[in-house]
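Student: Here's a structure for you.
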Amino acid sequence: MNLADWSELFVATAGAAAALAGLIIVAMSVNIETIVSEPSLPSRAGATIASLILVVVVTIAGLIPEIGSGAMGWVTLAFSLVALGFALDSAIRLARVPGQLELARLVKGAVMIVPLIGFVTGAVILISGDGAGMYYVAAGILLVFVSSVLNAWVLLVEVRR
């Protein structure tokens, strides 16, 4: 598989992820006092930004001329593990929030973690030399966008309720 075939996806998603990360930062600045007063929201915002930066880094790495599947896999794995660390921290903090249904806490935590599974899985497959790992990375990209929009909504609107 030739990673150059993915260049249009890489360009589009790098720009979209950077813009969405900017939106999260603006949402935080507008509602910073409310966000920092809630025990789980700062880590949730951080995990969301980390996931979006993961998308930016991976897609820009994919635009490096003649990058191989192995190198792409190592870049993806390294940055995925960092983002996963942020997501796990956020999920743990969400699990400790009192007064919420356990199912709600699990779903909120899963929204942070599940998108990263595609990145990690794809990275391992790419490292093995199989370019088909990019399909898992692409699934991760799509899921990061969905979870990031949900978290942007929480940071912009739900914190005002």
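The values are calculated or read from the model by the stated rules, or taken from the named source; none is laboratory data. Computed from a predicted structure; not experimentally measured. Note that we place each Cβ from the backbone using ideal geometry, even for glycine, and neighbour counts take in every protein chain shown.
Student: Going through the stretch 124-141 one residue at a time, which ones are without any contact (Cβ under 8 Å) to a residue 24 or more places away in the chain and either surrounded by fewer than 20 Cβ atoms within 10 Å (Cβ to Cβ) or not in a helix (DSSP H, G or I) (or both)?
Tutor: Scanning the stretch 124-141 gives Y135, A139.
Student: Go through (1) in a helix (DSSP H, G or I); (2) modelled with pLDDT under 90 and name the single condition P39 misses.
Tutor: The single condition P39 does not satisfy is (1).
Student: So if I check each of G46, G85, which one is out of contact with any helix residue (DSSP H, G or I) (no Cβ under 7 Å at 6 or more places or on another chain) and either without any contact (Cβ under 8 Å) to a residue 60 or more places away in the chain or assigned to a helix (DSSP H, G or I) (or both)?
Tutor: G85
Student: Turning to a different aspect of this structure: Which one is farthest from A21 (Cα to Cα) among residues in the stretch 143-161 that are in contact (Cβ under 8 Å) with a residue 12 or more places away in the chain and surrounded by fewer than 16 Cβ atoms within 10 Å (Cβ to Cβ)?
Tutor: R160
Student: Among the numbered conditions (1) among the small types (G, A, S); (2) at pLDDT 95 or above; (3) surrounded by 14 or more Cβ atoms within 10 Å (Cβ to Cβ), tell me where G85 comes up short.
Tutor: Looking at each condition in turn, G85 falls short on (3).
Student: Is it the case that some residue within the stretch 110-118 is at pLDDT 80 or above and within 23 Å of S37 (Cβ to Cβ)?
Tutor: The answer is yes; a qualifying residue exists.
Student: If you go through the stretch 1-14 one residue at a time, how many are touching a Ser or Thr at 6+ places or on another chain (Cβ under 9 Å) and loosely packed, with under 13 Cβ neighbours inside 10 Å?
Tutor: Matching residues across the stretch 1-14 total 1.
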